[in-house]
Amino acid sequence: MLGELAIWPNPVRDQINIFSNAPADTRVILTLMDMQGRPIQNQTQILGPSAGQVELSASQLMSGIYLKLYSQIMEHLLH
């Protein structure tokens, strides 16, 4: 469970900050998309108690409006 997300600042300048209050560390895929839905950037990150705040660089992005998509990676342990 990813919990609530906080993303700041808005508007973004050089860096995007992401924080989750997830009760357990969760591996997620962070996808930055343009307004046409085309992926611009993909990163796998850990969000949760031990990860703290995730910082993503935005310095190479052109001015515009972008969407951030979070996909949780489901990890199954086989015994």
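Just so you know, all these numbers are worked out from the coordinates, no wet-lab data involved. Here the structure is a predicted model, which means the values were calculated and not measured. Every residue, glycine among them, receives a Cβ derived from its backbone with ideal geometry; neighbour counts consider all protein chains shown.
Each residue of region 8-20 in turn: what ³J(HN,Hα) in whole Hz from Karplus with 6.51, -1.76, 1.60 and θ = phi - 60°, glycine and Pro shown as x?
7, x, 9, x, 7, 10, 9, 8, 9, 9, 10, 9, 10
Taking the Cα centre as origin and putting +1 on Lys and Arg beta-carbons and -1 on Asp and Glu beta-carbons, what dipole magnitude results for the chain, to the nearest 20 debye?
In total the dipole reaches around 160 debye.
Per residue of region 48-61, what does 6.51 cos²θ - 1.76 cosθ + 1.60 with θ = phi - 60° give for ³J(HN,Hα)? Whole Hz please, x for Gly and Pro, Karplus curve as stated.
Each residue of region 48-61 in turn: x, x, 7, 7, x, 8, 9, 10, 10, 6, 10, 5, 9, 7 Hz.
Just round it to a whole percent: the fraction of Cα-Cα distances in the chain exceeding 21 Å.
30 percent
What whole-number distance in Å separates the alpha-carbon centres of region 2-16 and region 27-60?
10 Å
Give me a comma-separated list of calculated 3J(HN,Hα) values for region 26-40, in order, Karplus coefficients 6.51, -1.76, 1.60 applied at θ = phi - 60°, integers in Hz, x for any Gly or Pro.
10, 7, 10, 9, 9, 10, 9, 10, 7, 5, 8, x, 7, x, 9
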